[in-house]
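All remarks here apply to the structure that follows.
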Amino acid sequence: MKQSKLLMPTLREVPSDAEVVSHQLLLKAGYIRPVAAGMFSYLPLAKRVLNKIEAIVREEMDNIDANEMLVPEVLPAELWQKSGRYATYGPDLYKLKNRQDRDFILGPTHEETFTQLLADDIKSYKKLPLVVYQIQQKFRDENRPRFGLLRTREFIMKDAYSFSADEAGLDKAFHDMESAYTNIFDRLGLTYRIIVGDAGAMGGSDSKEFSAPASAGEDTIAYSDTTSYAANLEMAKDFYERQVSLEAEKDLQSIDTPNVKSIEELSEFLDIEANKLAKTIIFKADGKLVAVVTTGDFEVNDVKVQNFLHADNLELADEPTVEKIVGTGFGSLGPVGLPDEVQILVDERAADLVNFTAGANRDGKHLTNINWQRDVNLMDSNVGDFRIAREGDLSVDGQGKLVFTKGIEIGHIFKLGTRYSKSMGAQVLDENGRQKDMIMGSYGIGVSRLLSAIVEQNSDENGLIWPASVAPFDVHIVPVNIKDEDQIRIANDLETTLTSQGFDVLVDDRKERAGVKFADADLIGLPIRITVGKKATEEIVEVKVRASNTNIEMRVSEVVDSVSVLLNDDK
Ligand code: 9G3
């Protein structure tokens with residue numbers, strides 16, 4: 001392709017709202033342009049990279065006998081009313097009306113769509129297992145889209161769904177997907193960690209997350225500094241063994257704590273360590289109030305709470321709601337005297353507190369010498385790990401300390417079970433003629449997010465550095481002076497020969513100074529650059545490998561073989 005024909009609007013400066021390297025470089029190099037907050041156009045260079053990423057994804061999906069399909073992006077609300085998610089998903093779910101005033105959504109994911117399709121057409125276990133997938137735009141009205149393609153309101157996802165008649169079928173699909181994902185991410189040249197989803201139950205897993213280390217990553221990964229334990233901070237567990245205290249129970253006392261709201265203020269006011277105080281946070285889980293109690297030195301982990309409750313939607317209750325139901329604001333909440341409608345979950349560290357202090361659920365008052373057995377009707381089944389693990393704490397495997405790092409979630413695979421087959425009526429007759437819910441798995445890769453993840457792991461101060469497997473073009477031919485006959489002849493001959501060898505070639509035929517051409521070449525980051533300059537008269541050109549920044553002079557006749565070697569090493 002001739003660069004004079006390529007839409008590649010590079011920028012001198014980068015807009016200040018671009019905070020991470022991948023966002024800055026993809027804008028500067030003319031790969032993406034914003035249309036609205038969290039919505040981007042993929043310009044020709046980005047589209048070429050996406051095509052190559054998707055081709056690799058397709059190859060690996062087809063290798064495990066997954067069926068590529070494509071379902072509508074606009075979905076009837078009825079489909080999500082059947083699963084119950086239409087009501088429980090909050091503002092992230094795009095909703096719209098059609099001309100007959102019927103309710104529709106923009107699909108954020110497609111468990112319901114595919115499960116309904118299978119439910120309608122697959123009735124016998126003999127037809128299972130089946131794996132289907134698509135590569136398609138998803139829509140999530142993120143509250144705070146940011147970091148370019150890392151968190152958007154529209155994004156391209158490969159979403160796959162497996163349907164089987166038994167657990168063994170699910171385990172096989174899950175295993176096949178995991179190995180397909182490792183092939184994909186390896187071929188993309190990405191560094192990544194595989195994180196067991198339910199980190200608590202070491203060993204067996206109901207989900208695995210693929211996390212690419214990067215400072216721009218929004219996820220915090222906690223890993224043990226001496227073992228292979230690694231978990232998303234949302235799920236990470238520190239080591240804790242339940243204790244029984246021998247301290248004698250003291251009488252419950254109410255104390256006036258005017259204007260004492262936070263744990264720090266309370267700790268100061270009473271001169272009691274935070275780990276001896278109880279912190280109470282109230283959530284709305286699918287509309288119901290839940291109070292979660294932890295010791296004052298830990299934060300409540302809302303993901304662990306949501307998973308424990310199997311809630312579709314979990315959000316903090318707002319203060320007016322809390323005041324109406326509990327009778328006090330955030331600063332005086334505690335486990336004693338909560339209305340029966342408020343379920344209480346207690347972190348195990350807080351459950352071991354004796355004669356402890358917490359809000360009295362009355363403005364400006366706290367209670368001291370609280371003891372669980374006597375003062376709170378707490379069900380043992382509501383005691384668990386509801387805390388956010390802390391860096392430096394002992395890792396849950398009892399070895400090593402937890403270390404935190406930032407990661408980009410590039411893939412996530414889930415054992416779903418029958419949650420959707422039940423609600424969508426996807427059953428098959430088993431070998432004994434009995435109706436059985438199909439057993440499902442769902443498997444996602446953030447395809448457009450991968451663009452940014454690759455850039456976050458492959459760039460330098462001059463610009464992008466594409467691995468050969470996904471580069472928009474394989475070779476960048478840069479004739480320095482387009483008025484020089486020798487240079488143009490050699491450039492065109494090389495383009496013809498390399499193209500005939502199956503390489504994608506970009507020729508910078510623009511009327512630009514050499515400096516501009518070289519800077520743009522480094523910026524857009526093609527793996528191999530061939531500079532055709534003064535030595536063209538001697539049939540000598542310069543080959544530059546972008547990744548290692550090395551320059552090699554060679555005869556024109558050697559170029560094609562060298563390019564094959566240099567690129568196939570990387571492909
Ligand atoms: C929604 C909205 C946002 C969502 C979801 C639903 C995340 C939602 C989880 C998944 C699970 C898997 C198939 C591919 C792999 C991931 N954000 N999730 O279900 F309505 Cl607004 O998407 N889905």
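If I compute solvent accessible area with a 1.4 Å probe over the protein chains, what percent of it on segment 253-384 is carbon and sulfur?
Roughly 46 percent of what the probe reaches on segment 253-384 is carbon or sulfur.
Any of 483/534; 415/436; 47/511; 123/436 with alpha carbons more than 20 Å apart? Name them for me.
47/511
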Probe of 1.4 angstrom, ligands and nucleic acids ignored: what's the accessible area per residue over segment 464-570, in square angstrom?
43
Long pairs among 82/158; 52/95; 208/544; 52/138; 172/237; 138/422, criterion Cα-Cα beyond 30 Å:
52/95; 208/544
Could you tell me, in Å, what Rg and Dmax come out for the Cα atoms of segment 205-356?
17.7, 53
Could you give the size of the charge dipole of the chain about its Cα centre, using +1 on the Cβ of each K and R and -1 on the Cβ of each D and E, expressed in debye and rounded to the nearest 20?
1660
HN-Hα couplings for segment 113-119 via Karplus (6.51, -1.76, 1.60; θ = phi - 60°), in whole Hz with x for Gly/Pro, come out as 4, 6, 5, 5, 5, 5, 4
Column: log10 I(q)/I(0), Debye, Cα scatterers of segment 91-219, q = 0.10, 0.15, 0.17 Å⁻¹:
-0.46, -1.00, -1.20
HN-Hα couplings for segment 343-348 via Karplus (6.51, -1.76, 1.60; θ = phi - 60°), in whole Hz with x for Gly/Pro, come out as 6, 10, 10, 10, 5, 4
At 1.4 Å probe size, with the rest of the protein present, what percent of the exposed accessible area of segment 1-135 is carbon and sulfur atoms?
54
If I stretch the segment between residue 321 and residue 191 completely, what's the gain in nm (0.36 nm per residue apart, minus their alpha carbon distance), one decimal?
42.2 nm
If each K or R counts +1 and each D or E counts -1, the residues other than residue 331 whose Cβ falls under 15 Å of its Cβ total -4
Regarding segment 464-570, what's the average projected area of the Cα-atom convex hull, expressed in nm²?
5.8
For segment 464-570, what is the charge dipole size about the Cα centre, in debye to the nearest 20, if Lys and Arg each add +1 at the Cβ and Asp and Glu each add -1 at the Cβ?
360
Förster-model FRET efficiency, 30 Å R0, residue 109 and residue 378, C-beta, rounded to 0.05:
0.25
Solvent-accessible area per residue, Å², over segment 253-384 with all protein chains present [probe radius 1.4 Å]:
46
Could you tell me the calculated FRET efficiency between residue 67 and residue 431, based on Cβ-Cβ distance and R0 = 22 angstrom, to the nearest 0.05?
0.40
Euclidean distance between Cα centres, segment 130-147 to segment 367-442, Å
23
If r is the Cβ-Cβ distance from residue 252 to residue 394 and R0 is 41 Å, what FRET efficiency results, to the nearest 0.05?
0.75
May I have the count of lysine pairs in segment 253-384 with C-alpha atoms under 24 Å apart, counting pairs 8 or more residues apart or located on different chains?
16
Nearest 5 is fine: what % of DSSP beta bridges in the chain come out antiparallel, could you say?
85
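In debye, nearest 20, what is the charge dipole magnitude of segment 373-446 about its Cα centre with +1 on Lys and Arg Cβ and -1 on Asp and Glu Cβ, if you could check?
Numbers: 10 positive and 10 negative charges, 32 e Å.
For this selection, approximately 160 debye.
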Taking amide H positions as placed 1.01 Å from N in the peptide plane, with prolines and chain starts having none, which residues 5 or more places from residue 387, or on another chain, fall under 5 Å of its amide H?
301
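With all protein chains present, how much of the accessible area of segment 464-570 (probe radius 1.4 Å) comes from carbon and sulfur, to the nearest whole percent?
49
So which trypsin sites (Lys or Arg not before Pro) in segment 112-169 pass both tests, a DSSP loop state and at most 14 other Cβ atoms within 10 Å of the Cβ? Display every interim value, and only then the final one.
Values: sites: 123, 126, 127, 138, 140, 146, 151, 153, 158; in loops: 123, 140, 153.
Loop-located and lightly packed - 123.
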Taking a label point 7 Å from the Cα of residue 41 along Cα-to-Cβ, the residues of segment 152-177 whose backbone nitrogen sits under 17 Å from it are 154
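Once the convex hull of the alpha carbons of the chain is built, what does its volume come to per residue, in cubic angstrom?
Once divided by residue count, the hull of the chain is 195 Å³.
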Karplus-derived HN-Hα couplings along segment 46-62 (A = 6.51, B = -1.76, C = 1.60, θ = phi - 60°), whole Hz, x at Gly and Pro
5, 4, 5, 5, 4, 4, 6, 4, 5, 5, 5, 4, 4, 4, 6, 5, 5
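The values are calculated or read from the model by the stated rules, or taken from the named source; none is laboratory data. What you are looking at is a predicted structure, and each value in this text was computed from that prediction instead of being measured. Because the Cβ atoms are built from the backbone with ideal geometry, glycine has one as well, and the counts that use them run over all protein chains shown. Areas reflect the complete protein model, heavy atoms only, side chains present, ligands, DNA and RNA absent. Shrake-Rupley method; radii C 1.70, N 1.55, O 1.52, S 1.80 Å.
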